[in-house]
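First comes the structure, then the notes that go with it.
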Amino acid sequence: MKKVIYPGMFDPVTYGHIDIVKRARELFDEVVITVAKNPAKTCLFSIEERIEMIKESITGLDRVYVDAYNGLVVDHAKAIGAVGIIRGLRAISDFDYEFQMALMNRKLAENITTIFLMPHEKYTYLNSTIVRNLAEFGGDVKCFVPEFVAKKLKEKFPDEHKK
Ligand code: ADP
């Protein structure tokens, strides 16, 4: 049984993330979406909210689970018996950072392999920051996030805050 983790902030989860999860699910028996607690980074959504949104977004996808972690990703991967770390690669701009992280993680735990997956082209320009900014200024986010997430964004940025 091969299990992988897919770590990230998921603030909030987008269709780009879900695309990667679906691809990973084709390759591995179990995919655990691991949400970073990382208190150093300020997120729009709390850890509980981010987990709730992911759970809603993966309804009907069996063999996909959600958890949270604090600390080193490789330690968490080892603790839950994962063989690898899934990361999404959108564009060359992702590469430097991801390459560094992957090599550092391999140094820390050589049995944990980082696997890069590319989303559908239509998601290559999509990230959580763009979605948050769009929502803040009243833009339509429904092409980018599941309905439940769009609703949550609307609650964070009620109409009177539209600029
Ligand atoms: P992080 O801050 O760790 O990058 P994110 O939630 O932004 O956390 O992303 C988690 C992972 O998902 C990263 O590997 C990132 O490259 C990937 N990812 C984010 N958005 C997309 C997207 N639109 N398509 C494919 N992969 C994505």
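Considering only DSSP states other than H, G, I, E and B, which GluC sites (Glu not before Pro) in the stretch 71-163 qualify as loop sites with at most 10 other Cβ atoms within 10 Å? Spell out each step's value before the answer.
Numbers: sites: Glu98, Glu110, Glu121, Glu136, Glu147, Glu155, Glu160; in loops: Glu110.
Within the stretch 71-163, the qualifying GluC sites (Glu not before Pro) (loop, at most 10 other Cβ atoms within 10 Å) are Glu110.
Please pull out the direction-averaged projected area of the stretch 3-120, using the convex hull of its alpha-carbon atoms, in nm² to one decimal place.
Over every viewing direction, the Cα hull of the stretch 3-120 projects on average to 7.0 nm².
In the Gaussian network model of the chain, springs joining C-alpha atoms below 10 Å, which of Ile18, Ile130, Ile47 carries the largest mean-square fluctuation?
Ile130
Kindly flag which residue pairs out of Lys41/Lys107; Lys37/Lys152; Lys122/Lys142; Lys2/Lys37; Lys2/Lys122 have an alpha-carbon separation exceeding 23 Å in this structure.
Lys41/Lys107; Lys2/Lys37; Lys2/Lys122
Looking at Gly60, Phe45, Phe95, which one has the Cα that reaches farthest to the positive end of the dipole of the stretch 16-127 (charges on Cβ: Lys, Arg +1; Asp, Glu -1)?
Going by the charge dipole, the pick is Phe95.
Using heavy-atom solvent-accessible surface (probe 1.4 Å) with all chains present, what is the largest-first order of Asp67, Asp159?
My answer, sorted largest first, is Asp159, Asp67.
Please give the contour-minus-distance gain from Glu136 to Thr42: 0.36 nm per residue of separation, less the Cα-Cα distance, rounded to one decimal in nm.
Full extension of this stretch gives 32.2 nm more.
Excluding the sites themselves, what is the longest stretch of the chain that contains no chymotrypsin sites (Phe, Trp or Tyr not before Pro) in a DSSP loop with at most 13 other C-beta atoms within 10 Å?
Details: sites that count: Tyr125, Phe137.
In the chain, the maximal stretch lacking such sites is 1-124.
What is the angle, in °, between the Cα long axis of helix 15-27 and the longest principal axis of the Cα atoms in the chain? Nearest 10 is fine, range 0 to 90.
Computed tilt is about 30 degrees.
Mind checking the per residue accessible area of the stretch 3-120 for me, 1.4 Å probe, whole number of Å²?
Numbers: 6220 Å² over 118 residues.
That works out to 53 Å² per residue.
The values are calculated or read from the model by the stated rules, or taken from the named source; none is laboratory data. The model shown is predicted, which means the values in this text are computed figures rather than measured ones. Neighbour counts are summed over all protein chains in view; Cβ atoms, including those assigned to glycine, are modelled from backbone coordinates with ideal geometry. Each accessible area value is taken on the protein alone, full model and side chains, heavy atoms only, with ligands, DNA and RNA left out. Shrake-Rupley method; radii C 1.70, N 1.55, O 1.52, S 1.80 Å.
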